[in-house]
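Undergrad: The structure under discussion is supplied below as C-alpha cells; questions concerning it will follow.
The values are calculated or read from the model by the stated rules, or taken from the named source; none is laboratory data. Since this is a predicted model, take the numbers as computed values, not measurements. Here Cβ is always computed from backbone atoms with ideal geometry, including for glycine, and neighbour counts include all displayed protein chains.
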C-alpha cells in the first residue's frame, strides 16, 4: 500500500509531468542543459522504480500488481531516459545506476506490457465476486 501511495504524492506527479515533456533519446548533456529540475525529476522517478524493481525481484510485491499499477508509467519514462541513464553510468563509472529499474522494465517488456490493452477494454465484462 505504501508503494501505491508513493505514486500519489505531489513530487512524483511533478517529476512525471516534467519527464514526459522530454523527447526520446535526448542525451545527458541535453537533459542537464534544460535545468536542474529535470535531473531531480529523473532521480525521483528512478528511486520509485528502483525500489519497485527490487521489491518485485525479492517477491515482496507481485509483478502482476505492479504491472497493472505502474507499467504504463515505468516504460515511457524509461524510454525517455534510457540514453541519459547509459551516459550517466559511463560518466560516473557506476554500472549499477538504475539497475533494478532496468530489470523491472525488461520484465515488463517480456510480459508484453508494451503491447497491453487498457483495462477498460480487457476487463469490460468484469463481474463483482459473490461472497
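Undergrad: In this structure, does residue 51 turn out to be in contact (Cβ under 8 Å) with a residue 40 or more places away in the chain, assigned to a helix (DSSP H, G or I) and over 28 Å from residue 119 (Cβ atoms)?
TA: no
Undergrad: Restricting attention to region 97-117, which residues are free of Cβ contacts under 8 Å to residues at least 24 places away in the same chain and part of a loop (DSSP other than H, G, I, E, B)?
TA: Once the filter is applied, which keeps residues that are free of Cβ contacts under 8 Å to residues at least 24 places away in the same chain and part of a loop (DSSP other than H, G, I, E, B), region 97-117 yields 97, 112, 117.
Undergrad: So residue 83 ticks every box in (1) in contact (Cβ under 8 Å) with a residue 12 or more places away in the chain; (2) within 23 Å of residue 25 (Cβ to Cβ); (3) surrounded by fewer than 16 Cβ atoms within 10 Å (Cβ to Cβ) but one. Which box is left unticked?
TA: All conditions pass for residue 83, except number (3).
Undergrad: The conditions are (1) at pLDDT below 90; (2) surrounded by fewer than 17 Cβ atoms within 10 Å (Cβ to Cβ); (3) in a helix (DSSP H, G or I), and residue 25 fails exactly one of them. Which is it?
TA: Condition not satisfied by residue 25: (3).
Undergrad: Go through region 85-116 and count every residue that is under 21 Å from residue 63 (Cβ atoms) and more than 18 Å from the chain's Cα centre (by Cα).
TA: 0
Undergrad: If you check 98, 103, 84, which single one turns out to be modelled with pLDDT of 95 or more and in contact with a helix residue (DSSP H, G or I) (Cβ under 6 Å, 6 or more places away or on another chain)? Lay out the reasoning, then the answer.
TA: Values: 98 fails: modelled with pLDDT of 95 or more; 84 fails: modelled with pLDDT of 95 or more.
Result: 103 is the single residue among 98, 103, 84 that is modelled with pLDDT of 95 or more and in contact with a helix residue (DSSP H, G or I) (Cβ under 6 Å, 6 or more places away or on another chain).
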